[in-house]
Amino acid sequence: MEIRTRWRWLLVVILLLAFGLRVHNLEVQSFWNDEGNSARLSERSVALIIEGTASDIHPPLYYLLLHQWRKLAGDSEFGLRSLSVFAGLLVVPLTFVLGNFFNAEAQSRRGKSRGWLLGLVAAALLAINPGLVYYSQETRMYALLGLWAVLSTVLLLRWWSVVGDRLSVSGNRQWWWGGAYVLCAAAGLYTHYFFPAVLLAHNLFVLIKIIQARPKPLTISHFPLTIKHWSFLMLATLLLYAPWLPTFWVQFGSDPINRPGVGEFVTAVAHFLTFGQTVESEASLLWLVAGLLGIGLVYARSKLILPILGVLIPLAMMYATGTTAREYYKFLMVAVPFWAIWLGAALTETNQRGFRLLAGVLLLVLPWGMIQSLQNMYADPAYARADYRAMSQRILAEDHPNAGVILNAANQWEAFTYYFPDDGNVYPLPAGRSRPNPDDIDAALSQIAAQHNRIYAIFWGEAQRDPERLVERWLDAHAFKATDEWVGDVRFVTYAVPSAPATEMATAVSLPFGENIVLDGYTLGETILQPGDIVEVTLFWETAVPLQNRYKVFLHLLDENGNLVSQRDSEPGGGLALTTTWLPGTVVLDNHGLLLPSDLPPGSYRLLLGLYDLANPANRLPITTPHGTTDAYLLTTITVVD
C-alpha cells in the first residue's frame, strides 16, 4: 500500500513515540510475583520449562522464547522485560497494516487521499494506549498475546485477499499465506489459553464473508472450496496444538462463577481498553469513547465486521467463563488493536463533514486521559507494582545474623529470590496447593521459629491461599510484631521471636483503661538492647462487658527530652484480636514488638503504653494509676548500648 513520503515520516514518529514510552522507566519498578515466575521459569532447560508449564496456568511458548531472549538481552529487569517491549512495539505497525487492509475498498472507491488514515490513527492510538504500554513493560506474555492476535489477523486478511474474491484456488500464494496463518495461530494457542477467542472471531468473520459474497438463494453447494480450505487451516492449527490439548483441558476448573452486571462490565472494559488501569474512570471520557464507537459503527458499515468481532468475542468469552475481575482484563490485549481501529473509523469513514469534525475533536480529547494514565503508571506509587526489590534490600541492609523470611503465598518465592539469596532461610508457606492444615502450619512454624530469632513475613494473596490467616495468627501468638506496612499490595511485617513464649505474667498491675478495659499485667523481654533490636512486650487484657468500639494499642519510646524516637500502633493480636471480639472475663494475650532505629544513640529511653479509639485517634482512654490519671502508662526504661 503506497503512502506519501510525509506520512511515512509521520508513521516513523509514531513508532519512535511508541518505543520511547515502552522503554521509559523500564527497570525502575521491581519485578512482582508473576514476573518473578517468568524470570525463574525461563532459567530452566527447555525440557524443564515444558514440564513446569504443564502444571502452570499458562502454556510454554512465552517462557521458551524468554529462555532464548535472555541469552541475548541478559537477565536484568530491562533485559527480561525487553521481550515484551519488542512484542508490544510490533503491535503498532501491524495495526497500521491492519487498518489499511480494512480501508482497501475505500482506497479504490475514493482514491488514495485518505487510504492511509485509518491505519495511521489506529497506530497513533496504540502508541500511547496505557494498557498496551503497561503490559509491554511487564515480563509476562500479554504483549506477545496481542502481537499474535494482530499478526494472525493480518495473515488471515492476506489469505482472504488471495482466495476470497473468487472463493477458489489462486495458485500457490494462498498456501503460503495459509501456512503462515496456521503457524501464527498455533503460536497464539501456545502462548495463552485465551487465544481461542481470536480464532472464534476469525471463524465468524470468514463465515460472514462467505455468506456476503455468494448469491441468493444460499446453499452449501455455493461455497465448498472456501469451506474446505478454511477447514483445512483450522485442522492444521489443531494438529499443531494437539500435543498440548490434554493440558489445555486440565486448566478448566469448576469454580463458581460470579459475574457483574453486563453494563458494569462493559463500562469497566471500555475504560481499560482506552485508558488502561492506572487512572480512575471518568464518565465524561467514557461518553466520548461511546460517541466515537457509535459514529464508527454507523458509517463504517461492513468494513468493521472483523474489528467488532475482535472486540465483542473476547468480551463475551470473558463474561461467559466468569473471568470478569480486573485481574483478567489483561487478556484483552487481543482486543486492543481492534478497539483502536474501531475508534479511528469514526474519523476516517464518515462522509459527513460535521461528524468528521466531531470525531476529530473527540480523538484529540482522548489522549488527555491516556497521558494522565501514563503519568500515573510511571510516577504514582499508588499504581506501582509490589516492590520486592526494596523489601529484599531492606532485609539485607538490616543484616540480622539469624533472620528467616516467610512468604505467605508460595508463588512469591520466584520474585523475592530474584533479589534475595535463598540460603535455606526463605520459607514459602503454606506449602502445596491444598487448603492449609492448622497442624501442618503449627509444625512448620514451630520449626522455623526454633531456628531464627527474627522473622520477616511477606503477606500477599492470603484470601486465596490462607483464608483463615493461619500463618499470621500463629506468628502473632508466638512472636512479637514490630512493623507492619504495605508495600504496594503486599504487607511487609517484622517479628521478633522469643526464646520462649511469654505465657506467664511477670508484672501484675490491674490498671483500668477507660471504664471497661483492664490491663491485668505485662511481661517484658530484654530491656538492655542495641540499635536495630526489637523490644518485646506481652500485655494481658481483660474486659467485664462486650466492647462496642475498636481500640488500638500504642507503644511510644521517648528520649530523655521527651522526643518520640520510635512507636508502634496496632490493634491487639496484630490486628487479629479486635477489642470488639473480646469475651467478658477472658484474658487476652497481646504480643507487641517495637523496632529500635538502627541509628538510635546509646542512652536511656522511656517506654509508654496507651489505648486510643480507632475511629478517633485523638481520643485516648484515661488510665487510672495509683499516682493519678494519665493517657500513657510508663512500662519500663529501655537502655540502648553500642
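The values are calculated or read from the model by the stated rules, or taken from the named source; none is laboratory data. This structure is a prediction, so every number in the text was calculated from the model and none was measured. Glycine gets a Cβ as well: all are built from the backbone with ideal geometry, and neighbour counts include every protein chain shown. Accessible surface is based on the protein model in full, side chains and every heavy atom, while ligands, DNA and RNA are left aside. Shrake-Rupley method; radii C 1.70, N 1.55, O 1.52, S 1.80 Å.
Which whole-number value in Å² is the accessible area per residue of the chain, probe 1.4 Å?
Details: 28370 Å² over 642 residues.
Using a 1.4 Å probe on heavy atoms only, each residue of the chain averages 44 Å².
So for the chain, averaging the separation of alpha carbon pairs under 8 Å that are six or more residues apart and normalising by length, what relative contact order in percent results? Relative contact order here is 11 percent. For the stretch 251-322, the square roots a ≥ b ≥ c of the C-alpha gyration tensor eigenvalues yield an a/c of 1.5 or more together with a/b not exceeding b/c, which makes the shape oblate.
Highest mean first, how do 263-269, 628-634, 606-612, 287-293 rank when packing is the count of other Cβ atoms within 10 Å averaged over residues? Walk me through the numbers on the way to the answer.
Values: 263-269: 15.0, 628-634: 13.0, 606-612: 19.6, 287-293: 17.7.
Highest to lowest by the protection proxy: 606-612, 287-293, 263-269, 628-634.
As I understand it, the value is the acute angle between the Cα axis of helix 353-379 and the longest principal axis of the Cα atoms of the chain; what does it come to in degrees, rounded to 10? Tilt of helix 353-379: around 30 degrees. Name all residues of the stretch 465-482 having a backbone nitrogen under 13 Å from the label point set 7 Å from the Cα of Ala410 along its Cα→Cβ direction, giving them as ranges. It comes to 465-466, nothing else.
Within the stretch 488-532, name every residue whose backbone N is under 16 Å away from a label modeled 7 Å from Cα of Asn25 along the Cβ vector. Under 16 Å, as judged by backbone N against the label point of Asn25, lie 488-489 of the stretch 488-532.
Share of carbon and sulfur in the accessible area of the chain stands at 60%, probe radius 1.4 Å.
Could you grab the relative contact order for the stretch 514-569? Cα pairs under 8 Å, six or more apart, rounded to a whole percent. Don't skip to the end; give the middle numbers.
Working: 61 pairs, mean separation 15.8, N = 56.
Answer for the stretch 514-569 is 28 percent.
For the chain, give me the percentage of DSSP beta bridges that are antiparallel, rounded to the nearest 5 percent. That works out to approximately 85 percent antiparallel. Here is how the number arises for the chain: DSSP H runs of 4 or more residues each give -39500 (n - 2.57), the sum is divided by the residue count, and the result at 222 nm is -16000 deg cm²/dmol.
With respect to the chain, whose longest principal axis is taken over its alpha-carbon atoms, helix 262-275 is tilted by about 80°. When peptides 117-126, 425-434 are sorted by average Cβ neighbour count within 10 Å, with the highest value leading, the order is 117-126, 425-434.
Please list 411-419, 47-55 highest first by mean number of surrounding beta-carbon atoms within 10 Å per residue. Please list the in-between numbers first.
Working: 411-419: 22.0, 47-55: 14.4.
Per-residue Cβ counts within 10 Å, averaged per peptide and sorted highest first, yield 411-419, 47-55.
Over the stretch 522-613, calculate the relative contact order: mean separation of alpha carbon pairs under 8 Å at least 6 apart, over the residue count, as a percent. Reported as a whole number, the value is 40 percent.
For Phe513, the residues 5 or more places off, or on other chains, whose built amide H falls under 5 Å of its own are Val518, Leu519.
Less than 15 Å Cβ to Cβ from Trp541, Lys/Arg counted +1 and Asp/Glu -1: what total charge do the surrounding residues give?
Local charge sum for Trp541: -4.
Going by a ≥ b ≥ c, the root eigenvalues of the Cα gyration tensor, does the stretch 301-349 fall in the rounded group (a/c under 1.5), the prolate group (a/b larger than b/c) or the oblate group? Cα axes put the stretch 301-349 in the prolate bin. Residues of the stretch 446-463 falling in the label zone of Ser499, defined by backbone nitrogen less than 18 Å from a point 7 Å along Cα to beta-carbon, are 449-455. Put a plus charge on the Cβ of each Lys and Arg, a minus charge on the Cβ of each Asp and Glu, and nothing anywhere else: the dipole of the chain about its Cα centre is then about 5340 debye.
Our estimate of slack between Ser161 and Ser45, defined as 0.36 nm per intervening residue step minus the Cα-Cα distance, is 37.6 nm.
Extension gain for the segment Thr580 to Val565, taken as residue separation times 0.36 nm less the Cα-Cα distance, is 2.3 nm to one decimal. With the Cα gyration tensor of the stretch 477-537 giving a ≥ b ≥ c as the square roots of its eigenvalues, does the rule (a/c under 1.5 for rounded; else a/b larger than b/c for prolate; else oblate) give rounded, prolate or oblate? Note, shape of the stretch 477-537 comes out oblate.
The angle between the Cα long axis of helix 142-163 and the longest principal axis of the Cα atoms of the chain comes to about 10 degrees, rounded to the nearest 10.
As I understand it, the dipole of the stretch 354-419 uses +1 on the Cβ of Lys and Arg and -1 on the Cβ of Asp and Glu, about the Cα centre. Which of Gln393, Tyr419, Gly354 lies farthest toward its positive end? Farthest towards the positive end: Gly354.
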